[in-house]
1. Dipole of segment 14-312 (Lys/Arg Cβ +1, Asp/Glu Cβ -1, origin at the Cα centre): which of 97, 263, 120 lies farthest to the positive side?
2. Dipole of segment 280-339 (Lys/Arg Cβ +1, Asp/Glu Cβ -1, origin at the Cα centre): which of 281, 312, 292 lies farthest to the positive side?
3. Would you please name the GluC sites (Glu not before Pro) within segment 233-280 that are DSSP coil residues with at most 16 other C-beta atoms within 10 Å of their C-beta?
4. Calculate, in nm to one decimal, what residue 213 and residue 96 gain on full extension: separation in residues at 0.36 nm each, minus their alpha carbon distance.
5. At 222 nm, what helix-only mean residue ellipticity would the chain give, in deg cm²/dmol to the nearest 500, using -39500 (n - 2.57) for each DSSP H run of four or more?
6. What are the DSSP H helices in the chain that stretch 18 Å or more along their long axis, judged by alpha-carbon atoms, and whose average Kyte-Doolittle hydropathy comes to at least 0.5?
7. What's the magnitude of the charge dipole for segment 139-289 around its Cα centre, counting Lys and Arg as +1 and Asp and Glu as -1 at the beta-carbon? Answer in Debye, nearest 20.
8. Using 20 Å bins from zero, what percent of all Cα-Cα pairs in the chain falls into each bin?
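The values are calculated or read from the model by the stated rules, or taken from the named source; none is laboratory data. Bear in mind that the values here come from a model prediction, so they are computed numbers and not experimental data. Because the Cβ atoms are built from the backbone with ideal geometry, glycine has one as well, and the counts that use them run over all protein chains shown. Note: areas computed on protein heavy atoms with side chains; ligands, DNA, RNA excluded. Shrake-Rupley method; radii C 1.70, N 1.55, O 1.52, S 1.80 Å.
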Amino acid sequence: MDISINSLTLTQPDDWHLHLRDGDILRSVLRGSVGQFGRAIVMPNLTPPVVKVEQAAAYRKRILQALNDTAGETQEFEPLMTLYLTDDTPPDEIYKAAESGIIYGVKLYPAGATTNSAAGVTDLLGRCLSTLEAMQKVGMPLLMHGEVTDPKIDIFDREAVFIDRVMIPLRDALPELKVVFEHLTTRQGAEYVRDAAGPIAATITPHHLLYNRNALFNGGIRPHMYCLPVLKREIHRQALLEAATGGSGRFFLGTDSAPHLRGMKESACGCAGCYTAPYAMALYATAFESVGKLDQLEAFASLNGPRFYGLPVNKRKITLERASYTIPDALSVGDDELVPLAAGETLPWRFADAAYT
Ligand code: DOR
Ligand code: ZN
């Protein structure tokens, strides 16, 4: 990594948690990731969800086609596909996934936890044990949306309660299962991942590093700051910053970029999800610099993820420039718009090749 006063050059990062959607939105959002990121773990919560290897293969083809149509062949980008775990996913589907060479993880959405999670899992160990055993056997990572859905549990406590009710019993039962605690949002989560035995890691988003829950209510309700797991108190943001910048190989970059058209966010019942991908590296650099840890950015963004997933690091480099840059208020998608995270805010860093500059 090469840090100077005016620029920052690092191994090209990967995005270990990305929602690319499908159809027209897919075509529009791809260019926000391509160039910046070499690869991305692509979330399977489409409608209908991607529950079978054949569906993932077809979705991968649509992504590659969209890439070819929009970014051109010169832009290399590799989608790493995932399957959506249900109560009925058979162990055979895991063996198929392992043989396919295109599936890199299986995603757990507790049923009802978030966008398109209705087909998710109702009782992880009760319903999915043999499938999880197959995953452990073949080394297929379980990518976990770590929130309980019990309506009696306060929404701000759902991640911490998930650790006790789901994560610990799961990892006691299957100690060799590779687990990614996705989009970590709490001090309890950061401490658990830091201290636990066995193959566990976590992704951290730019929004959970840069904002606390006050951002949801800053002068009025701010639907574009609403995501799940929801933003937490400042002590949690501080713990996440410490985890991301502290040198542990267990924490790595995952934007959880989750685009919803403007009207779906600015609504009486707005969708959860922040559109973070297009300015992600500038956002992460801003967060790391805020605690004087820019030197840790490359490990977090480009090295720790490949090591956990058993993949080589990217050969290409990317450069961020120190240049004050104001994120646009909105990006057009056909006749509609997406509002990116931090719209209207000025950052001290800019990814020179960003598609939307
Ligand atoms: O905020 C979120 N949006 N959290 C999720 O878990 C899903 C995502 C989406 O797909 O929109
Ligand atoms: Zn997500």
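1. Checking the options against the dipole of segment 14-312, the answer is 263.
2. Of the candidates, 312 comes out farthest on the positive side.
3. Those that pass, being in a loop and sparsely packed, are 266.
4. Full-extension gain reported as 38.0 nm.
5. Taken over the chain, the calculation gives -9000 deg cm²/dmol.
6. Both cut-offs are met by 124-138.
7. Magnitude of the dipole: close to 300 debye.
8. Using 20 Å bins, I get a P(r) of 32, 62, 6 for the chain.
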